[in-house]
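Chemist: Here you go, one structure.
The values are calculated or read from the model by the stated rules, or taken from the named source; none is laboratory data. As the structure is a prediction and not an experimental result, all values here were calculated from the model. Ideal geometry is used to build each Cβ from the backbone, glycine not excepted, and the neighbour counts take in all protein chains shown.
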Amino acid sequence: MASSCVRQLGTNVLRRIASYSAIVGGTQQLGKRSFSAAKSGDSMMEAQEHATGLEKAEKDGAARGVNIFTEGEAWLQAPFGTPEKPVVVTSSFSERIVGVTDPEDDSIVVWDFIRQGEPPKQIIENGEYFVLKKIDNPEDHFVPHSWP
């Protein structure tokens, strides 16, 4: 009786070893494992639907054909402010703070006030000139600038 139990146990072990070696040897294909509740063949949700925050804003802008990191930065192409044609800064108030980077070290910002009615002001030597234009409607801040 004991020998038949050992023989049965040995046969089961041999079967397991044979099936394992067939799997490892590549003769038997494993079943496809899926961690999705969707049926096989259904596509996953688009990355757009998973995006949040800045990534979502970037993807929404790209769908419209707009780079959100450069949109609304027309001032980068604005002409240099001269005494005859200064940079016009709009404000709902009679004065505004303007910051200008140091030409020798861009990590340094020089701040100064410009006030309504003053002549064009140069904040740093060899820098641009600024003048303040007071506006009555705060919504006018969002009107796009245009330069000739």
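Chemist: Do you know which of the residues in region 90-139 that are within 20 Å of Ala78 (Cα to Cα) and acidic (Asp, Glu) is surrounded by the most Cβ atoms within 10 Å (Cβ to Cβ)?
Modeler: Glu128
Chemist: A follow-up question, please. List pairs: first residue in region 98-124 and within 13 Å of Pro86 (Cβ to Cβ), second residue in a strand (DSSP E or B) and among the basic types (Lys, Arg) anywhere in the structure, Cβ distance under 8 angstrom, at least six positions apart or on different chains.
Modeler: Filtered contacts from region 98-124: Ile114/Arg96; Ile114/Lys121.
Chemist: Next question, about the same structure. Which of the residues belonging to region 95-107 are within 13 Å of Val131 (Cβ to Cβ) and not charged (D, E, K, R)?
Modeler: Val98, the sole residue that qualifies.
Chemist: Same structure, new question: Val110: under 27 Å from the mean Cα position of the chain (by Cα), on the phi < 0 side of the Ramachandran plot, modelled with pLDDT of 90 or more and not in a loop (DSSP other than H, G, I, E, B), yes or no?
Modeler: no
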